[in-house]
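S.K.: Can you read through this structure? Questions will come right after.
Taken together, the values in this text are just the output of simple stated rules run on the coordinates, not laboratory data. Not measured: the values here are computed from a predicted model. No Cβ is skipped: glycine too gets one built from the backbone with ideal geometry, and neighbour counts run over all protein chains shown.
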Amino acid sequence: MSIEKEMKDAINDQINFEMESAYLYLSMAAFFEDEELPGFANWMKCQYMEETMHAMKLFNFLIERGGQIKLKTISAPEGNWDSYSEVFEETLKHEEFITSKINKLVTLSRKLEDYASESFLMWYVDEQVEEEDSVKKILTKLNRIESNANALYQLDSELSSRALSPLAVPTIMGQPTE
Ligand code: OFO
């Protein structure tokens, strides 16, 4: 069954939201590089790559369903923040916004009785729970640290261990992963 125009348009919009997310996190990675916090920068670079993967999963799905890709403008993100907590507060707010967009896509797939899209989108529903949770945990730690430099460097070292999932590249390329 070919994909309906309303769903096609909504998936193209979501590709744009994911790329906007990637760009925002890349900007946050640059901010942390400037602050000489390589662990925080690493975490944001992984986040950037993950968002690219989210966009590419949608891209590959739309192609598979016979839809056409329409890439849109990505606006310039914020590049400066007053505190490290503020960066993660914005990250959380942004992820909550993305969750609301994913939920709307699921609602649309149900309205259109597009079960292939609904099933595909469930991966994003689960992913958003994980994304919001990991950001909240970092924010809680940052708020506890306040101005304790030692604790900040300890958290920076913790965040330096984040690595990209080995499945990210095949997923981006639309290759089978099993
Ligand atoms: Fe961070 O969110 Fe994509 O989907």
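S.K.: Considering every residue within the stretch 47-66, establish whether at least one is within 16 Å of the ligand (Cβ to nearest atom) and not in a helix (DSSP H, G or I). Before you say what the answer is, go through the steps one by one.
M.R.: First, the residues of the stretch 47-66 that are within 16 Å of the ligand (Cβ to nearest atom): 47-62.
Remaining after also requiring not in a helix (DSSP H, G or I): none.
Taking every residue of the stretch 47-66 in turn, none turns out to be within 16 Å of the ligand (Cβ to nearest atom) and not in a helix (DSSP H, G or I).
S.K.: In this structure, does residue 100 turn out to be hydroxyl-bearing (Ser, Thr, Tyr) and within 30 Å of residue 149 (Cβ to Cβ)?
M.R.: no
S.K.: State all residues of the stretch 90-112 that are free of Cβ contacts under 8 Å to residues at least 40 places away in the same chain and closer than 16 Å to residue 9 by Cα; if no residue qualifies, say none.
M.R.: Result: 103, 106, 107, 110, 111.
S.K.: List pairs: first in the stretch 2-16 and on the phi > 0 side of the Ramachandran plot, second surrounded by 19 or more Cβ atoms within 10 Å (Cβ to Cβ), Cβ under 7 Å, 6+ apart or cross-chain?
M.R.: Filtered contacts from the stretch 2-16: no entries.
S.K.: Being within 16 Å of the ligand (Cβ to nearest atom), over 19 Å from residue 100 (Cα atoms), crowded, with 17+ Cβ neighbours inside 10 Å and of a type in the set (Ser, Thr, Tyr) is true for just one of 21, 27. Which residue is that? Spell out the reasoning first.
M.R.: Working: 21 fails: over 19 Å from residue 100 (Cα atoms).
Answer to the check: 27.
S.K.: Taking the stretch 67-90, which residues are more than 17 Å from the chain's Cα centre (by Cα) and in a helix (DSSP H, G or I)?
M.R.: Answer for the stretch 67-90, where residues must be more than 17 Å from the chain's Cα centre (by Cα) and in a helix (DSSP H, G or I): 84, 85, 86.
S.K.: Inspect all residues belonging to the stretch 123-132 and state whether any of them is over 20 Å from residue 29 (Cα atoms) and not in a helix (DSSP H, G or I).
M.R.: no
S.K.: Right, something else. Which of the residues that make up the stretch 107-131 are within 12 Å of the ligand (Cβ to nearest atom), surrounded by 15 or more Cβ atoms within 10 Å (Cβ to Cβ) and more than 12 Å from the chain's Cα centre (by Cα)?
M.R.: Answer for the stretch 107-131, where residues must be within 12 Å of the ligand (Cβ to nearest atom), surrounded by 15 or more Cβ atoms within 10 Å (Cβ to Cβ) and more than 12 Å from the chain's Cα centre (by Cα): just 121.
S.K.: I'm checking my understanding of the structure. Among residues of the stretch 33-43 that are touching a residue at least 24 places away in the same chain (Cβ under 8 Å) and assigned to a helix (DSSP H, G or I), which one is nearest to the chain's Cα centre (by Cα)?
M.R.: So, considering only residues that are touching a residue at least 24 places away in the same chain (Cβ under 8 Å) and assigned to a helix (DSSP H, G or I), the one nearest to the chain's Cα centre (by Cα) is 43.
S.K.: Ok, one more. Which residues, counting only those in the stretch 73-106, are within 16 Å of the ligand (Cβ to nearest atom), surrounded by 13 or more Cβ atoms within 10 Å (Cβ to Cβ) and among the polar types (S, T, N, Q)?
M.R.: 91, 99, 103
S.K.: Given the criteria within 26 Å of residue 23 (Cβ to Cβ) and free of Cβ contacts under 8 Å to residues at least 40 places away in the same chain, does residue 87 qualify? Don't jump to the end; show me each part of the working.
M.R.: Details: within 26 Å of residue 23 (Cβ to Cβ): yes; free of Cβ contacts under 8 Å to residues at least 40 places away in the same chain: no.
It is false that residue 87 is within 26 Å of residue 23 (Cβ to Cβ) and free of Cβ contacts under 8 Å to residues at least 40 places away in the same chain.
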